[in-house]
Structures are given as C-alpha cells and as structure tokens.
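This is the structure I have questions about; it appears just below.
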Amino acid sequence: MVASEDLTNDPELKSALLTARRGTAFFGRKLKELSDDEFAAPSLLPGWTRAHVIAHVGYNARAIGRLIVWANTGVETPMYPSRQARNEEIDHGASLSPVELRDLYEQSANHLDVAWRNTPQDAWGHEVKAAQGYTAPATETVWWRTREVWIHAVDLDNGASFADMPSDVLERLLKDITGAWHKRGDDKDLRLEVLDSGGITQLGDAAAADPVIVTGTLSDITAWAAGRYTHGITSNRPDTPQAPRWI
Ligand code: ZN
C-alpha cells in the first residue's frame, strides 16, 4: 500500500520533507532544461561531466532509499558497499544514454519519495549510517538528500546558483561546512562575515587577532565555502582565499 500522504505527523519533519521535495523538483527542472547532447559537457565538479552528476544524484536517491529500508526493517543496509563501489557505479552511470539517465533520475527520486511517505513515525527515529560512517536517526536522511539535490542542481552548470536555494537550506549548509572545518581545525585565522542573513552574521575563528576575513551574501559565501564559485566574495587579503576542504 502506498500512502498518499506522509505517515509521519511530526510538523518539523514534514517541513523538512517539503524542502527536500522542492529541491528535487528544482533539480528535475534544471535537468529538463538540458538537451540530450548537453549531458557530455563538463559540470562544475572537477573531472565530472553533467552525466556524472545526474548519475550520482540518481544513485544517491537509491542509496538513501536503502537507509530507509534499514530504518523500517532493522536489517542493516549501508548506502554503498564501499567508496570504490560508489565511484564505479557513478562512472558506469555516466556512460548511460541521456534517456536512461533521465529515467534513472525520475525513478530513483519517485522511489525514495514513496519510501519516505510510507515510513511510520517510530521508524524515523531508528539509527542509520551516513556515507561518511557516522550514525544518525533516519530523519537526517531528509537533510542528506536535500543538500544533494540543491547543490548538484548548481553543479549541472546551466543557470542554477546558490541564490536559488531557500535561506534555511543555505544557513544549515553553511553551518555544516564551517562545523566540519572547525572539527579539523581548518578554520584557524579564518572569519566569515555574512552580509544579509538574520540568522548568521559571523562564523569561523572568533579569537584570531588578524584573521583572513571573507565577506559575502549568505548564498555567495555558502557557494564559496562549498568550493563551488567565488562570485560576489570579497576579502581583506589581495586574493580571495580558497575555502578549506568540506567533505
Ligand atoms: Zn553528492
């Protein structure tokens, strides 16, 4: 039985699901705007064509779907058997025809959405494992998918930018990225100043005496922090510094 509505009645989770669905629709729209012969062109990701990005987003939906099966059944099913298996799958996917890639994207996105809809309240609390190896409740899979679809829509490089993302997605993304830097000590002497956000104004190394300061709007600074582009970014140094590695 396929539920026509989400089985969960948690308002926070329902709103997170809505943001993920909006991101999926956005990615789908950018994908439709591409003609078949534009799939082989480079994406914003080094070494990846648009076909790689589309394949990855499709396989990511399937991988997150495996976590939802895990949450619902208690049978441990990881996102990917290994990092290498994940990469080989993407390489294989990139060699599919544009029709097959469009199909992969559509079907995997629909399948994940149905799996989410049919997940009852208690299963959402079950622990699953991120691709990076840490565990989190299944509710987190919604965020993992949300950032994939919004960011990779930009990576398709046919007109989407971080300015298209909802501000709550940008804020959470920027906190995720700067949090990862902080854990590794990569934010030493680096300060970010966000010009237009009510939620976040300053991030990074608050204790530094003479920090490198990177300034921009929430969307531009998040794009910079995610390693995507440096448009709209200013700095107190002659050259815009490169953002530390995120993942
Ligand atoms: Zn990805």
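Look through region 40-80, keep the residues that are of a type in the set (F, W, Y) and out of contact with any strand residue (DSSP E or B) (no Cβ under 9 Å at 6 or more places or on another chain), and return whichever of them is nearest to the ligand (Cβ to nearest atom).
The residue in question is Y59.
Would you check if D210 is outside the structural domain of A109 (by TED's automatic domain parsing), assigned to a loop (DSSP other than H, G, I, E, B) and touching a residue at least 12 places away in the same chain (Cβ under 8 Å)?
The answer is yes for D210.
How do the pairs read when you match residues in region 44-70 that are not assigned by TED's automatic domain parsing to the domain that holds D113 and modelled with pLDDT of 95 or more with residues anywhere that are of a type outside the set (A, V, I, L, M) and within 11 Å of the ligand (Cβ to nearest atom), using Cβ under 8 Å and keeping only pairs 6 or more apart or on different chains?
none
Could you say which residue among A180, A153, A131, A136 is open to solvent by less than 40 Å² (accessible area, probe 1.4 Å), of a type outside the set (D, E, K, R) and outside any helix (DSSP H, G or I)?
A136
Among the residues that make up region 159-173, is at least one of them surrounded by fewer than 23 Cβ atoms within 10 Å (Cβ to Cβ), within 16 Å of the ligand (Cβ to nearest atom) and outside any helix (DSSP H, G or I)?
Yes: region 159-173 contains one or more residues that are surrounded by fewer than 23 Cβ atoms within 10 Å (Cβ to Cβ), within 16 Å of the ligand (Cβ to nearest atom) and outside any helix (DSSP H, G or I).
Now for a separate question. Can you say whether D103 is under 17 Å from the mean Cα position of the chain (by Cα) and either within 14 Å of the ligand (Cβ to nearest atom) or not hydrophobic (A, V, I, L, M, F, W, C) (or both), as far as the supplied structure shows?
No; evaluated as a whole, the condition is false for this residue.
Continuing with the same structure: Please enumerate the residues belonging to region 25-50 that are open to solvent by less than 30 Å² (accessible area, probe 1.4 Å) and within 18 Å of the chain's Cα centre (by Cα).
If the condition is that a residue be open to solvent by less than 30 Å² (accessible area, probe 1.4 Å) and within 18 Å of the chain's Cα centre (by Cα), then F26, F27, G28, K30, L31, S43, R50 are the ones that fit.
Here's something else I'd like to know. Scan region 115-140 and report the pairs whose first residue is under 14 Å from D10 (Cα atoms) and not assigned by TED's automatic domain parsing to the domain that holds G65 and whose second residue is assigned to a loop (DSSP other than H, G, I, E, B) and basic (K, R), with Cβ atoms within less than 6 Å and a gap of 6+ or a chain change.
none
Which ones in region 232-247 are farther than 11 Å from L190 by Cβ and either open to solvent by less than 30 Å² (accessible area, probe 1.4 Å) or touching a residue at least 40 places away in the same chain (Cβ under 8 Å) (or both)?
I233, R245, W246, I247
The values are calculated or read from the model by the stated rules, or taken from the named source; none is laboratory data. Only a predicted model underlies this, so the values are computations on that prediction, with no experimental measurement involved. So basically every Cβ, Gly included, is an ideal-geometry build from the backbone, and we count neighbours across all protein chains shown. These area figures cover heavy atoms from the full protein model, side chains too; ligands, DNA and RNA do not enter into them. Shrake-Rupley method; radii C 1.70, N 1.55, O 1.52, S 1.80 Å.
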